[in-house]
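Note sheet for the following structure.
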Amino acid sequence: MNRIFLSFLVVFIFFGKKTDAQDIRRFDVGFEKNGLDLQNPFAGGLNSPEINAVDLNNDGVLDAHFFDKSGEVHITFLNNGSTTGAAYEFAPEYAENFPDTKGWVLLRDYNGDGIMDMFSYSDSPGIHGLKVHQGSYENDKITFTRLFHADGPHNLLSFLIPNGTYPQIAITNEDLPAIDDIDNDGDLDILTFDLGGATVEMYKNLSVEMGFGLDSLKFELYDDCWGNFKEAGLSSEIQLGTDTDICPSLWNPVVDTRHSGSTILSFDDNNDGDKEIILGDLSGETLVYLENGGDSENSFIVDFDPTYPSYDVSVDMPIFLAGFYLDMDNDGKKDLIAAPNNFKSSEDNENIWFYKNVTDNEFPAFEFQQNDFLVETMIDNGTGANPAFADVNADGLMDMVVGNITYFLPGGNKDSRLFLYENVGTLTTPKYKLADDNYLGLNQYNSTSSYFNFSPTFGDLDNDGDLDLLIGEETGKLVYFENTAGAGNPFSFGMADLNYQGIDAGQGVNPQIVDVNRDGLNDLLVGWRLGKIIYYPNFGTASDPQFEPDQFTAPNISSFGEIDTRIYPGFDGSASPKMIDVDGEYVLYVGTQRGRIEVFENIDGNLDGAFTMVDSTFGKIREGQITHLDIADINGNGKMDYIVGNSRGGLGFFTSDSAVPNNNLVNNNLLNIKVLPNPASDFVYFEVDGFKEGKTQLRMISSVGQIVLEKSLPYWKSGIDLRRLPAGIYFCEITIGENRGMKKLVKK
C-alpha cells in the first residue's frame, strides 16, 4: 500500500498534466533569518555579480541590475529611494526582457538617448568579442534590440586596421573591460587587456570624429599600451613605465600563456579630466588602484595602490575581484562596490563589499560599510541549493530541507551542508525560518569522507509509515538516514549509512524515491552530472528494498527515458528528477545544468523507451543554472507550489492558479466520500455513498506524504477522534474492496 501514498499526495493537489507555462507565477512567501524578515528572499544568491545602474521602469530613478556570471542570470531590483540597503526591492519581472547572456554585462548609454544599452560577451562559440543591444522602453519596461555590426565578422563589435579590414575587438569571457568616455570627447571608448594579459589597450570611438554624432560605434586601436604600465602575467604586480612614449619591457608575455582574466574600472578620482583605473586580477584578492598622471589624450600611470583603498579597510576577498562605481545609497554620490568576478571558485556569501563615498564625486573618498551588501536581504546557501519538502517537526506545516554544493573555503576545501527551514506560519500563510544551518551535522563528512554537494529527498524506504532521508552527493554515493520516529511524529534519524547499498551513480547525483513501475515497491530515480537519469528498480520487498548497485546491470536502466540534459559541446547536464502521478499517469520534471526545467510524458508502459518532452522551459522559469525542483501544496489551497534551487545558492518560489480536478485518483473505481465537519477540530465522520457493507480501510496522509493514521473502520459510516493529531492538512483515503476514494481534510 505504501507505494501510492506519495503519488496520492501529489495527484490530489496537482492541477493537470497539460500545464500552461503562462499560469506559473512567483509566490511571495515570508522568510526569517536571525530574527529578521528578509526583504528579498528570492533574489539570491549572488556568487559573481556584475552590478549596473539602470532605469528599469522609465520613472527617472536609477535602479539596480545584477548579472551573475555563476548562473548567467539577470537579476533586477527597483530603487525605492531609501538611503540604506533597503532601497532595492527584488523585481524579477524587469529581467524578462534582458537577452540570454554569457560572460559579462555592462549597461552604458552609448547613443545619449538617456536609456541604457547593453554591452556583453560574444555569442559566437569560441570567438572572443562583444555584442551590443540597444535599449528602449515598451510599456515602461526596458527592453533590448540586438545591433547588427556589418563591418566586422561574427556580428561583433569591430575596429578598423590599416589594411582596411575590421577584426572584432577581442575581449574574453573572463575579462571585464571598462566602457567609458576615456578621452572626454563625448562618446564611449573601451579599455581592455590585450590577449597577452599584460598591457591595456584603448579602443577609441571615432563616432564623433567621423561626424556620426553618438549614433554609431566606430573604433580604432588608439593605444596598445594605455597608461604605459604592465601587469605581471600570474600576479597583480604592476610595472610602471619611465617614459610616456615607451611601454615597459620587464614582462613580455606570450599569448598562449595568458593569465585567465582581469577587470578594469575607470573613473576620474581627482577631478583632473583624465581617468584613473582600478584593476582586479584572477590571481589576486585585492583591488589595485592606478593613478593617471597624464591627460585625457595621453595617459601615463605614475603610482599605484596594490591594496585599495589602503587609507581605509582594504578589499581582501578570494578571488578575482571587480570594482563598480555607482550611487547605491541615493545620496547623489557614487560609491565603490567590490565583488568576485570568478564564477568557478570564489567567496559566495559575504561577497559584496560596500564602500560609501563620504565626500563628493569630484574627489571621492570611500569608507567601508559592510561585506554583505544586499546579500543580507536574501536566502543564500553559498553555492548550489537543492531543496526538498517535508514536515520535519510534524506540526502539520510543510518545512524544507536544502542541501548546498558548498560554502567557499580557500584551498579547494568544502563546506557542504543541509539547511533546515521550518515553516513557522499558518496553514494558509506559510512563512519559513532558518532553524538549523547544519542539519544533521553533515558537513563533518566533507573532510572525513570527501562528501559534498548534498541533494536530499524524502520517502518511506522501509515501509514503516514515516519518511526516510536519502541524500545524493558529489562522488556518486547515496547517504541514507532511517527515520525511526514512526508516523505522525517529528523526524528522528539513526546513524548515517554513507554508502547505501553500494550504489555509485556517477558524479553530482540527485535522487528521488518513487514507485516507478507501480509494483508496490519504492524504486529510485537518480539524476547525475552527465545529464542522464538512472532507474534503479526495487527487487526486494516494501520493508526491505534491494537495489543492483551497478547502473549498467539489469534490471537498472542507465539512460531512463533517453533523457539527456547536457549543454553541447560540454559534458555537464546536472539532471535532477521529480516524477509525480497526474490522473493516473506519470509526469517527469527534470532540473538541468542550463537552468531550464524540462517536462516529459509517455512514461507508463514505456519504461525502457524514449519519453516525450512536452515542455522544454516549464513556466519560463529563469533562476540561473543547475536547477533543482520540488513540488507541494504549502498553503492548503489545492494548488501546486514549486520550489526551485539554483547554482548561486538561492531559492525561487512559484505557484499556479489552476483548479484541482476532482477525479485525480489512481483507481478508476471511485468512492464518493463525505467528510463532516470539514474543517474539523476534535472528531470527524466519514460516510461512503452507495456502500453499506464490505471491509472499510482508512488511511490519513499528511500534506508531505506521512501516513499518520491507518485503521479499519467498523462501518461504512464511522467517526474518528482527531485530538491527537496536530493541526494541518490531511488526505483521507478510504478503500472498500477494489474501490478507493480520497478527500482532503483540514484539521484545526
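The values are calculated or read from the model by the stated rules, or taken from the named source; none is laboratory data. In this text, all values refer to a predicted model and were calculated from it rather than measured experimentally. Cβ placement follows ideal geometry from the backbone for every residue including glycine, while neighbour counts extend to all protein chains displayed. Please note that ligands, DNA and RNA were not included when accessible areas were found on the heavy atoms of the full protein model with its side chains. Shrake-Rupley method; radii C 1.70, N 1.55, O 1.52, S 1.80 Å.
Scan region 578-623 residue by residue and report those that are outside any loop (DSSP other than H, G, I, E, B) and out of contact with any helix residue (DSSP H, G or I) (no Cβ under 8 Å at 6 or more places or on another chain).
Of region 578-623, the ones outside any loop (DSSP other than H, G, I, E, B) are 578-582, 585-591, 597-601, 612-615, 618-620.
Listed by number, the residues that qualify are 578, 579, 585, 586, 587, 590, 591, 601, 612, 613, 614.
Report the residue count in region 53-90 for those that are part of a loop (DSSP other than H, G, I, E, B) and either of a type outside the set (Lys, Arg) or more than 17 Å from residue 105 (Cα to Cα) (or both).
Filtering region 53-90 down to residues part of a loop (DSSP other than H, G, I, E, B) leaves 55-62, 69-72, 80-84.
From the residues that got through so far, the ones that are either of a type outside the set (Lys, Arg) or more than 17 Å from residue 105 (Cα to Cα) (or both) too are 55-62, 70-72, 80-84.
Going through region 53-90 one residue at a time, the tally reaches 16.
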- prompt: Do you know which residues across region 275-288 are open to solvent by less than 20 Å² (accessible area, probe 1.4 Å), among the acidic types (Asp, Glu) and modelled with pLDDT under 95?
  reply: 281
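Residues that are aliphatic (A, V, I, L, M) and in contact with a helix residue (DSSP H, G or I) (Cβ under 8 Å, 6 or more places away or on another chain), at least 1 per element: which strands (runs of 3 or more DSSP E) completely within region 429-474 meet that? I'd like the intermediate steps shown before the answer.
Working: elements: 431-436, 455-459, 468-472.
The qualifying strands (runs of 3 or more DSSP E) are 468-472.
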message: Can you find a residue that is within 24 Å of residue 166 (Cα to Cα), in contact (Cβ under 8 Å) with a residue 40 or more places away in the chain and open to solvent by less than 30 Å² (accessible area, probe 1.4 Å) anywhere in region 232-248?
response: no
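Give the residues of region 190-222 that are among the β-branched types (Val, Ile, Thr) and either outside any loop (DSSP other than H, G, I, E, B) or open to solvent by less than 20 Å² (accessible area, probe 1.4 Å) (or both), sorted by residue number.
Pass one, region 190-222, residues among the β-branched types (Val, Ile, Thr): 190, 192, 199-200, 208.
Within region 190-222, 190, 192, 199, 200 qualify.
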- request: Output the residue which, of all residues in region 336-372 that are more than 24 Å from residue 174 (Cβ to Cβ) and of a type in the set (S, T, N, Q), is surrounded by the most Cβ atoms within 10 Å (Cβ to Cβ).
  value: 357
statement: Within region 388-402, the residues that are surrounded by fewer than 24 Cβ atoms within 10 Å (Cβ to Cβ) and either of a type in the set (Asp, Glu) or under 13 Å from the mean Cα position of the chain (by Cα) (or both) are 395
- request: Using the structure shown, decide if residue 567 is under 26 Å from residue 651 (Cβ atoms) and not in a strand (DSSP E or B).
  value: yes
field: All positions within region 308-329 that are within 32 Å of the chain's Cα centre (by Cα) and open to solvent by 50 Å² or more (accessible area, probe 1.4 Å)
entry: 313, 316
query: Among the residues of region 25-52, how many are open to solvent by less than 40 Å² (accessible area, probe 1.4 Å) and in a loop (DSSP other than H, G, I, E, B)?
result: 12
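Pick from 151, 100, 123: which is within 19 Å of residue 189 (Cα to Cα), part of a loop (DSSP other than H, G, I, E, B) and modelled with pLDDT under 95? Quick ask: steps written out before the conclusion?
Details: 100 fails: within 19 Å of residue 189 (Cα to Cα); 123 fails: within 19 Å of residue 189 (Cα to Cα).
Testing whether each residue is within 19 Å of residue 189 (Cα to Cα), part of a loop (DSSP other than H, G, I, E, B) and modelled with pLDDT under 95 leaves just 151.
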query: Between a first residue in region 314-327 that is closer than 14 Å to residue 289 by Cβ and a second residue that is in a loop (DSSP other than H, G, I, E, B) and charged (D, E, K, R), which pairs have beta carbons less than 6 Å apart while being 6 or more apart in sequence or on different chains?
result: 325/334
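Results for (1) touching a Ser or Thr at 6+ places or on another chain (Cβ under 8 Å); (2) hydrophobic (A, V, I, L, M, F, W, C); (3) in a strand (DSSP E or B), shown as yes or no for each residue.
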residue	(1), (2), (3)
274	yes, no, no
277	yes, yes, yes
280	yes, no, yes
285	no, no, no
289	no, no, yes
294	yes, no, no
303	no, no, yes
311	no, no, no
315	yes, yes, no
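Answer with yes or no whether residue 491 is open to solvent by less than 20 Å² (accessible area, probe 1.4 Å) and either in contact with an Asp or Glu (Cβ under 9 Å, 6 or more places away or on another chain) or farther than 17 Å from residue 702 by Cα (or both).
Numbers: open to solvent by less than 20 Å² (accessible area, probe 1.4 Å): no; either in contact with an Asp or Glu (Cβ under 9 Å, 6 or more places away or on another chain) or farther than 17 Å from residue 702 by Cα (or both): yes.
Answer is no for this residue.
In this structure, does residue 302 turn out to be within 19 Å of residue 201 (Cα to Cα) and in contact (Cβ under 8 Å) with a residue 60 or more places away in the chain? Walk me through it before giving the result.
Details: within 19 Å of residue 201 (Cα to Cα): yes; in contact (Cβ under 8 Å) with a residue 60 or more places away in the chain: yes.
Yes: the conditions hold for residue 302.
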query: From the residues in region 618-658 that are of a type in the set (Ser, Thr, Tyr), at pLDDT 90 or above and in contact with an Asp or Glu (Cβ under 8 Å, 6 or more places away or on another chain), which one is surrounded by the most Cβ atoms within 10 Å (Cβ to Cβ)?
result: 642
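I need the full set of residues from region 409-437 which are under 30 Å from residue 285 (Cα atoms), polar (S, T, N, Q) and exposed (fewer than 14 other Cβ atoms within 10 Å of the Cβ), in order please. Talk me through it step by step, then tell me what you get.
To start, the set of residues in region 409-437 that are under 30 Å from residue 285 (Cα atoms) comprises 409-419, 437.
When the remaining residues are screened for being polar (S, T, N, Q), the result is 413, 416.
If the condition is that a residue be under 30 Å from residue 285 (Cα atoms), polar (S, T, N, Q) and exposed (fewer than 14 other Cβ atoms within 10 Å of the Cβ), then 413 is the only one that fits.
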message: Quick check on this structure: which one of 527, 540, 486, 506 is closer than 23 Å to residue 390 by Cα and at pLDDT below 95?
response: 486
Residues that are outside any strand (DSSP E or B), more than 22 Å from the chain's Cα centre (by Cα) and among the hydroxyl-bearing types (Ser, Thr, Tyr), drawn from region 330-360: 359
